[in-house]
1. Of everything in the stretch 40-96 that's open to solvent by less than 50 Å² (accessible area, probe 1.4 Å) and not in a helix (DSSP H, G or I), which residue is nearest to Val28 (Cα to Cα)?
2. Regarding Val28, is this residue within 30 Å of Ala92 (Cβ to Cβ), β-branched (Val, Ile, Thr) and at pLDDT 95 or above?
3. In this structure, does Pro69 turn out to be closer than 17 Å to Ala39 by Cα and either among the acidic types (Asp, Glu) or over 13 Å from the mean Cα position of the chain (by Cα) (or both)?
Amino acid sequence: MTVQSATAAAPAATASAPARPAGVPFIVRTRMALLVLVAVYPVITGLIYLVAPITADWPVWERNLIVAPLMVVAMVYFIIPTIQARFGRFVATGKF
């Protein structure tokens, strides 16, 4: 049996399939957003204070060229994984 004949022999999708895939509920996204906000605020504030003496006379857009990559790395490698590991159940169910 060839690949083409195997796919042709597969049954067609049933009519009872959902019209759209189930998305993440609004409350789950809201909990995650609030936890990220609580974690990101002190980090970004600390980064700004750390970079401010070095970049005091720079325009804001140049200062952000330094702060933004540091913040993205912190979020991707530290903040988001920590929130998912420690608060994953709370985010998903609302229970600790």
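1. Gly94
2. Working: within 30 Å of Ala92 (Cβ to Cβ): yes; β-branched (Val, Ile, Thr): yes; at pLDDT 95 or above: no.
So Val28 fails the test.
3. Here the answer is yes, as Pro69 does meet what is asked.
The values are calculated or read from the model by the stated rules, or taken from the named source; none is laboratory data. The structure displayed is predicted, hence computed values, not measured ones. A quick note on method: Cβ atoms are made from the backbone with ideal geometry, for glycine too, and the neighbour counts reach across all protein chains shown. These accessible areas exclude ligands, DNA and RNA; they are computed on the full protein's heavy atoms, side chains included. Shrake-Rupley method; radii C 1.70, N 1.55, O 1.52, S 1.80 Å.
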